[in-house]
Amino acid sequence: TPSTPDTPTSFAITSIDATGMTVGWTGSTNAGSFTDLTYQIERSTNGTDFTLLTYITGTSYKDTTTVNGVTYYYRVYASSAEFGESAVTDADSGVAQGPREPGTGGGGLSMACMVLGGFGFGFDYNDD
């Protein structure tokens, strides 16, 4: 049985365009040992304070919520509810390109529900 997932490798921003920023990486070398492995993608605008952006089972993700001209930092780690988490990769950063401008759009109420070993709700209000 595995201990914890191996840290993903070769993490980088692979493209930046008008619709968002894409990050990619090589999956954990022991990924096949886990039935519940996900990759947790974190984002920051200052390179220090990271928050969870999303979690996926693949090895690339396109963030379509970026704002033109803002620098974003991303990093990723592997996670298994049963066996724990890998170390976090080094962060990579890039500057978002149009069309969304700061303070224009994206406002309103959004609701998300996440189920991972339990039940929870998340609410976010953005008054851009």
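Report the full-extension gain for the segment T65 to I16: residue separation times 0.36 nm, less the Cα-Cα distance, to one decimal in nm.
Values: separation 49, 0.36 × 49 = 17.64 nm, distance 1.23 nm.
Gain on extension, T65 to I16, equals 16.4 nm.
Just check segment 42-83 against the gyration tensor rule for me: Cα atoms, a ≥ b ≥ c as the square roots of the eigenvalues, rounded for a/c under 1.5, and otherwise prolate or oblate depending on whether a/b exceeds b/c. Please list the in-between numbers first.
Working: a/c = 3.16, a/b = 1.72, b/c = 1.84.
The shape class here is oblate.
Once the principal axes of the Cα atoms of segment 1-75 are found, what is the range along each, listed largest first in whole angstroms?
In descending order, the Cα extents are 46, 23, 19 Å.
Averaged per residue, what accessible surface does segment 1-85 expose to a 1.4 Å probe, in Å²?
On the way: 4150 Å² over 85 residues.
Per residue, segment 1-85 has 49 Å² of solvent-accessible surface.
If you average the C-alpha positions of segment 61-93 and of segment 11-58 separately, how far apart do those two centres end up, in angstrom?
Using only Cα atoms, the two centres lie 4 Å from each other.
The values are calculated or read from the model by the stated rules, or taken from the named source; none is laboratory data. Model, not experiment: these values are computed from the prediction. With ligands, DNA and RNA removed, areas are computed over all heavy atoms of the protein, side chains included. Shrake-Rupley method; radii C 1.70, N 1.55, O 1.52, S 1.80 Å.
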